[in-house]
């Protein structure tokens with residue numbers, strides 16, 4: 001199984017009073033604000049790269065995962 005690392009950039013226009021709460025909002029909540037709330041925004045893919053198997057655990061832990069997220073899928077990749 002091939003793993004890809006995709007980075008997206010989000011651009012928002014919002015009231016300055018909303019900026020403080022932005023750091024605590026989930027990506028889903030930001031999307032809701034863009035679709036139905038007080039923010040206007042767009043996103044774009046800024047990079048997309050293959051993650052080689054030897055680098056996967058480091059990439060996962062850098063994102064706050066314990067490094068095992070894809071383990072069960074990798075075990076069955078040859079099935």
Inter-label distance, nm, simple model (7 Å from Cα along the C-beta direction), residue 35/residue 63: 2.1
Ratio of Rg to Rh over the chain (Cα coordinates, Kirkwood Rh, two decimals): 1.11
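Given 0.36 nm per residue, what is the gain on full extension from residue 12 to residue 28 after removing their alpha carbon distance, in nm?
Numbers: separation 16, 0.36 × 16 = 5.76 nm, distance 1.40 nm.
Difference between extended and current length: 4.4 nm.
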Angle in degrees between helix 27-36 and the longest Cα principal axis of the chain, rounded to the nearest 10: 40
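Sorting check: for 50-60, 16-26, 2-12, which peptide has the highest mean count of neighbouring beta carbons within 10 Å, and how do the rest follow?
50-60, 2-12, 16-26
FYI, it's all coordinate maths here, none of it is from the lab. Everything numeric here is computed off the predicted structure, so don't read it as measured data. Cβ coordinates were reconstructed from backbone atoms using ideal geometry, including for glycine residues, and neighbour counts include every protein chain displayed.
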